[in-house]
Amino acid sequence: MLNLPEYISPSAAKSYLGCSLRFYFERVANIQKPTSVALHLGKSIHAALQAFHLARWRGEVDSPEFVAKAFDEAFLQLEQKEGPVNYGDPAKREKAMTDGLRVVAAYLASPEALVEKPRAVEVFLKEDIPGLSVPLTGAMDLVEQDFTPIDFKSAAAKPNTETAAFDHEIQLVSYQLLLEAIGENPRSLDLIFLVKTKTPQVIRVSSPPADEQRKRRVTALLETAVEGIASERFHPQPGMHCSWCQYRAECANWLPS
C-alpha cells in the first residue's frame with residue numbers, strides 16, 4: 001500500500017528527482033549536516049530582500065540602512081537557529097557577511113529592485129492540480145502587480161541565461177499552476193539572480209508562461225516524485241553532484257533493502 005505524502009513542493013520534487021537517496025537522508029531520515037556557507041548566505045540575503053519587499057508592500061521605511069540591518073539580524077539568527085555553519089575559519093565568516101551586504105546593496109541599486117507596491121510577498125499556496133495525486137504547494141518570493149512570480153537565486157557565477165529557465169522549470173511552472181488554480185494568469189515567469197562576483201551582478205531571466213505541453217510535462221515530473229516517495233524508492237543516482245554532496249559517507253554504505 002502506497003504511503004502518499006501529504007503534499008509535494010517543487011523543491012522536494014527537484015531534490016527527489018536529482019537523487020532519491022540524498023532526499024531520503026535529508027528529508028526522511030533527517031540526518032543533520034553543518035550548513036554550507038553558500039546556503040547560509042543565500043538564506044540571509046533572501047531574508048533581507050523579504051524585509052525590503054514587505055516594507056514596500058506596507059508603505060514603511062525601506063531604506064538601504066534598514067535592509068542592511070535586516071541582513072545582519074538574519075545572518076546572526078540563522079547561525080543560532082540552523083547552525084553550525086561550516087565556515088572553516090573566522091575570516092570566511094567575515095567575508096560571507098561582507099559579500100552578502102554587497103549583493104543586497106547591488107540589488108537595491110539595480111533596475112530590478114521593486115519600485116511599485118508588490119501584489120504579494122512570500123505568498124504560500126496549496127492547491128489541487130489535475131494529474132497530481134496530492135496537493136501542490138509553493139512559496140513565491142515575490143508576486144508583482146501583473147501576477148508575475150519572481151524567485152530570487154544567489155549564485156557564485158553568472159547564470160547561463162539561455163538555460164536558466166529550463167534548469168528551474170519545475171519551480172517556475174509549479175508557480176504558474178498554483179496561480180492558475182486560484183484564477184490568475186501570470187504574464188511571465190521570472191528568476192532574479194544575485195551573483196556574488198567581485199562586482200555583484202543582478203540578472204533577471206524572464207520566460208513566457210508555460211503552454212499545455214510544458215504544464216503536462218512538469219505535472220508528470222511532480223507525480224513521478226510523489227510516486228517514488230510513496231513507494232519508498234530511494235537509491236543512489238551517481239553524477240557530478242556527488243562531488244559536493246554531504247552524504248557521501250552514508251551513500252557509500254547503501255545496500256538495497
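The values are calculated or read from the model by the stated rules, or taken from the named source; none is laboratory data. As the structure is a computational prediction, the values presented were derived from the model and not from experiment. Quick reminder, even Gly has a Cβ in these numbers, built from the backbone with ideal geometry, and neighbours come from all protein chains shown.
Return the only residue of Val123, Val115, Val103 being part of a strand (DSSP E or B) and either at pLDDT below 95 or more than 16 Å from the chain's Cα centre (by Cα) (or both).
On the way: Val115 fails: part of a strand (DSSP E or B); Val103 fails: part of a strand (DSSP E or B).
Unique residue meeting the criteria: Val123.
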### Query
If you go through the range 230-252 one residue at a time, do you hit one that is modelled with pLDDT under 95, in a loop (DSSP other than H, G, I, E, B) and hydrophobic (A, V, I, L, M, F, W, C)?
yes
### Message
Being small (Gly, Ala, Ser) and surrounded by 13 or more Cβ atoms within 10 Å (Cβ to Cβ) is the filter here; which residues of the range 205-257 pass it?
### Response
Ser206, Ser207, Ala210, Ala225, Gly228, Ala230
### Task
Could you check, for the range 226-237, whether at least one of its residues is within 13 Å of Leu132 (Cβ to Cβ) and touching a strand residue (DSSP E or B) at 6+ places or on another chain (Cβ under 7 Å)?
yes
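Here is a list: Lys117, Lys198, Lys126. Which entry is surrounded by fewer than 18 Cβ atoms within 10 Å (Cβ to Cβ), touching a Lys or Arg at 6+ places or on another chain (Cβ under 9 Å) and of a type in the set (Lys, Arg)?
On the way: Lys198 fails: touching a Lys or Arg at 6+ places or on another chain (Cβ under 9 Å); Lys126 fails: touching a Lys or Arg at 6+ places or on another chain (Cβ under 9 Å).
On inspection, the qualifying residue turns out to be Lys117.
With a cut-off of at least 2 residues that are under 20 Å from the mean Cα position of the chain (by Cα) and of a type in the set (Gly, Ala, Ser), name the helices (runs of 4 or more DSSP H) lying wholly within the range 1-87. Before the answer, list the steps.
Details: elements: 10-18, 20-23, 37-58, 64-82.
It comes to 10-18, 37-58, 64-82.
Condition check ((1) under 25 Å from Gly83 (Cα atoms); (2) surrounded by 14 or more Cβ atoms within 10 Å (Cβ to Cβ); (3) modelled with pLDDT of 95 or more; (4) among the hydrophobic types (A, V, I, L, M, F, W, C)) across all residues:
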{"residue": "Glu6", "(1), (2), (3), (4)": "no, no, yes, no"}
{"residue": "Lys14", "(1), (2), (3), (4)": "yes, yes, yes, no"}
{"residue": "Phe25", "(1), (2), (3), (4)": "yes, yes, yes, yes"}
{"residue": "Val61", "(1), (2), (3), (4)": "no, no, no, yes"}
{"residue": "Phe71", "(1), (2), (3), (4)": "yes, yes, yes, yes"}
#### Entry: Top-ranked residue of the range 157-174 - restricted to ones that are more than 19 Å from Gly18 (Cβ to Cβ) and touching a residue at least 40 places away in the same chain (Cβ under 8 Å), ranked as surrounded by the most Cβ atoms within 10 Å (Cβ to Cβ)
Thr161
### Query
Quick one: Ala181 ticks every box in (1) without any contact (Cβ under 8 Å) to a residue 60 or more places away in the chain; (2) within 21 Å of Val28 (Cα to Cα) bar one, so which box is it?
(2)
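Can you spot a residue in the range 140-150 that is touching a His at 6+ places or on another chain (Cβ under 6 Å), touching a residue at least 40 places away in the same chain (Cβ under 8 Å) and either acidic (Asp, Glu) or within 18 Å of Gln50 (Cβ to Cβ) (or both)? Give the derivation first.
As a first pass, look at the range 140-150 and keep what is touching a His at 6+ places or on another chain (Cβ under 6 Å): 142.
Checking the rest, the ones that are also touching a residue at least 40 places away in the same chain (Cβ under 8 Å) come to 142.
Filter once more, so that each one left must be either acidic (Asp, Glu) or within 18 Å of Gln50 (Cβ to Cβ) (or both): 142.
So far as the range 140-150 goes, yes, one or more of its residues are touching a His at 6+ places or on another chain (Cβ under 6 Å), touching a residue at least 40 places away in the same chain (Cβ under 8 Å) and either acidic (Asp, Glu) or within 18 Å of Gln50 (Cβ to Cβ) (or both).
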